[in-house]
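In what follows, a structure is listed as structure tokens, so that the remarks can point back to it.
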Amino acid sequence: MGSLDGKVAIVTGAGQGVGQGIALALASEGAAIAVLGRTPAKLETTCGLVRERGAEAEPFACDVADTEAIPGVVDAVAARFGGVDVLVNNAYSGAYGPLLTMSDAKFQKGFMTGPFAAFAFMRACHPHMKARGGGSIVNLVTSAMVRWDPATYGAYAAAKQALRSLTRTAAAEWGPDGIRANSIAPHALSPGLKQWAEANPEAAEEFRKTIPLGYIGDCEADIGNAVVALVQPAMRYLTGATVPLDGGQAYFG
């Protein structure tokens, strides 16, 4: 028996990395997983891994930048599984770099795939969660929001800060409906970070030294399991919070 038996979770960007780790952790506790992402082959891989854990899984091809299509995707998930209990907004395709070389298109894409997409998913999931007596939303933000030096991370941090504020507002407005909303700010050894670390071993080692716990988090063991803890009934009184999952590196005052 898992702590999430009978629950249905939507995880965006679940084809690899942090999204996949979260999907697997939720599946290990019995949740049925709607695996969302842009690449069908990656979605099928994650679905196969979820099914190996003994949980149900279904792939849903979805580009979160297409916000008009999101309500239909959520309705399709609810029709397939009978409802929605958990939403994890992980997918993001934004921009990094100095502000003076940042194009309007790249800056806007960060907001479209960040807070705009999350808002569309949250609003579409609300009636399904309310119908089941409540639910839990987890939005992924970043410690770049509170870096002492956000150089080259400005556009990314701006989009994620907007999402953090959106999360807090949903917690306040939807609490009476039994819906909780929290943010997490993770460091995890995603494929992209792993590739960077392998290409820049000295810089990667210096980065690791800034983490008090001494290592970069594992996508499932450290990030996924924390999401499982957040969405369980035992955490029913926690909402509107930002949880740093970064080994103690950042400070959210």
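For the set 145, 112, 1, 129, solvent exposure ranked by accessible area (probe 1.4 Å, protein chains only) runs largest to smallest as 1, 112, 145, 129.
Taking Cα atoms, how many degrees apart are the long axis of helix 40-52 and the longest axis of the chain, rounded to 10 and kept between 0 and 90? Once rounded, the angle reads 60 degrees.
Report relative contact order for region 133-253 in percent, whole number only (criteria: Cα-Cα under 8 Å, sequence separation at least 6).
Numbers: 171 pairs, mean separation 40.5, N = 121.
Relative contact order comes out at 33 percent.
Taking every lysine pair in the chain that is 8 or more places apart or spans two chains, those with Cα atoms closer than 17 Å amount to 4. Of the whole protein surface, residue 208 contributes about 80 Å² of accessible area at a 1.4 Å probe radius.
From helices alone, the chain scores -13000 deg cm²/dmol at 222 nm; the rule is -39500 (n - 2.57) for each run of n ≥ 4 DSSP H residues, then divide by the residue total. For the chain, the longest principal axis of the alpha carbon atoms and the long axis of helix 70-81 meet at an angle near 50°. GNM on the chain, alpha-carbon springs under 10 angstrom: the most fluctuating residue among 103, 136, 93 is 103. With a 1.4 Å probe rolled over the protein heavy atoms of all chains, the accessible area of 104, 75 falls in the order 104, 75, largest first.
Taking other residues whose beta carbon is less than 15 angstrom from the beta carbon of residue 53, and scoring Lys, Arg as +1 and Asp, Glu as -1, yields -4. In this structure the amide hydrogen of residue 183, modeled in the peptide plane, comes within under 5 Å of the amide hydrogens of 139, 241, 242, 243, none closer than 5 places in sequence on its chain. Shown here for region 119-153: chymotrypsin sites (Phe, Trp or Tyr not before Pro) in loop regions (DSSP other than H, G, I, E, B) with at most 15 other Cβ atoms within 10 Å, namely 148. Converting phi to 3J(HN,Hα) with the Karplus coefficients 6.51, -1.76 and 1.60 and the offset θ = phi - 60°, region 173-184 yields 7, 9, x, x, 8, x, 9, 9, 9, 9, 10, 10 Hz in sequence order, with x at every glycine or proline.
Which of 133, 167, 153 sits closest to the plus end of the dipole of region 119-183, meaning its Cα is farthest towards the positive end, when Lys and Arg get +1 and Asp and Glu get -1 on the C-beta? It is 133, whose Cα lies furthest towards the positive end. Solvent-accessible area of residue 125, all protein chains in place: 0 Å² (probe radius 1.4 Å, heavy atoms, ligands and nucleic acids excluded). The angle between the Cα long axis of helix 117-131 and the longest principal axis of the Cα atoms of the chain comes to about 30 degrees, rounded to the nearest 10.
The fraction of accessible area contributed by carbon and sulfur in the chain is 55 percent, rounded to a whole number (1.4 Å probe; ligands and nucleic acids excluded).
The values are calculated or read from the model by the stated rules, or taken from the named source; none is laboratory data. Since we're looking at a predicted model, the values are computed, not measured. Every residue, glycine among them, receives a Cβ derived from its backbone with ideal geometry; neighbour counts consider all protein chains shown. Surface accessibility is based on the protein's heavy atoms, side chains included, excluding ligands, DNA and RNA. Shrake-Rupley method; radii C 1.70, N 1.55, O 1.52, S 1.80 Å.
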